[in-house]
Structures are given as structure tokens and as C-alpha cells.
Amino acid sequence: MNSFKGTITKITSEGIASLVYVNCSSITFKIVVLDNEETNQKLKIDATVSVLFKNTEVILSINSLNKSSIENSLEGKITSIDTGKIMSNLIITTSIGNIKALITSEQLNVLNLSLDTSVYLGIKSNEIMIAYD
């Protein structure tokens with residue numbers, strides 16, 4: 001599980017859903033939650049939270065994700081690869097710290113990924129969780 005501390009900077013709500021902006025160092029994550037400021041008193045501007053997402057939710061690309069529906073994207077460099085027959089665990093160093101990703105070993109080869117390869121990472125806004133401190 002990837003985990004980063006951050007601060008809520010903006011909340012846009014409609015019904016029971018909210019789009020929450022969390023600043024984690026140099027990156028602002030956009031996170032969809034099924035909650036709003038009325039139903040959850042911890043969901044408020046300036047609250048310190050943890051941003052959590054699974055290794056399996058990290059999308060990797062050798063091309064920029066700027067022209068995609070992925071709202072959370074950042075760049076990094078592969079610093080560790082543990083290759084298995086089916087799955088490969090990668091550690092990517094980014095501006096906010098290390099991010100772990102799990103992809104198929106077949107895609108690792110298709111993308112020609114190796115140590116020190118620069119990659120783009122994406123995490124869908126509905127695949128990120130918020131933990132309140």
C-alpha cells in the first residue's frame with residue numbers, strides 16, 4: 001500500500017459525493033469520496049490526512065498521461081524491480097517519495113522497463129482512499 005501525508009486544500013461536493021484535493025508536498029491528488037462535509041465532520045479544509053492507494057492501482061506509461069482521463073499523474077524513475085514469472089514489483093522514485101507498483105511481467109517486457117527508466121505514473125481519482133489522522 002502506498003501512503004503519503006497531506007493536507008486537504010479544496011472540497012467540491014454534490015449530493016453524497018465529493019471531489020477532495022489533497023496537497024502532498026509537490027503534488028495535489030484529486031480524490032473522489034462518497035462523503036461530504038455534512039456527513040463527515042473530519043472532511044474539511046486544512047485537515048491533515050493520509051492518501052492511500054494499492055500497488056495494483058498504479059498505472060505506468062512511458063508516455064505522458066496529460067491527455068488522458070487520469071487526474072493524478074506524476075513522473076518518476078524506476079529504482080527497483082523484482083521480476084516474477086507472472087507479476088513484477090517495481091519501486092519508482094518520485095518528487096513525493098517512493099511509489100510501489102505491481103504490473104504483469106509481460107507488460108514489463110512490452111514497455112521495455114528497466115532500472116533508471118523514466119516513467120509516468122497514474123492513479124484514478126476513485127482508486128485513492130483518505131485516512132483521517
Residue set THR79, THR48, THR94; condition surrounded by 12 or more Cβ atoms within 10 Å (Cβ to Cβ) and more than 13 Å from the chain's Cα centre (by Cα); output residue THR79
By residue number, the members of region 23-65 that are on the phi > 0 side of the Ramachandran plot and either hydroxyl-bearing (Ser, Thr, Tyr) or in contact with a helix residue (DSSP H, G or I) (Cβ under 7 Å, 6 or more places away or on another chain) (or both) are SER25
Query raised in the report: Within region 64-80, can one find any residue that is out of contact with any Ser or Thr (no Cβ under 7 Å at 6 or more places or on another chain) and of a type in the set (D, E, K, R)?
Result: yes
Restrict the check to region 15-30 and report whether at least one residue is more than 15 Å from the chain's Cα centre (by Cα), over 17 Å from THR94 (Cα atoms), surrounded by 17 or more Cβ atoms within 10 Å (Cβ to Cβ) and not hydroxyl-bearing (Ser, Thr, Tyr). no
Within region 103-125, residues being surrounded by 15 or more Cβ atoms within 10 Å (Cβ to Cβ), under 18 Å from the mean Cα position of the chain (by Cα) and either among the hydroxyl-bearing types (Ser, Thr, Tyr) or under 14 Å from THR56 (Cα atoms) (or both) number 7
Of the residues in region 114-133, those that are assigned to a strand (DSSP E or B) and within 14 Å of ASN55 (Cβ to Cβ) come to LEU121, GLY122, ILE123, MET129
Exception for SER68 within (1) within 23 Å of VAL110 (Cβ to Cβ); (2) among the small types (Gly, Ala, Ser); (3) touching a Lys or Arg at 6+ places or on another chain (Cβ under 7 Å) falls at (3)
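Bear in mind these aren't lab numbers, they're just calculated from the coordinates by the rules spelled out. Just so it is clear, the structure is predicted and the values come from calculations on it, not from any experiment. Cβ coordinates were reconstructed from backbone atoms using ideal geometry, including for glycine residues, and neighbour counts include every protein chain displayed.
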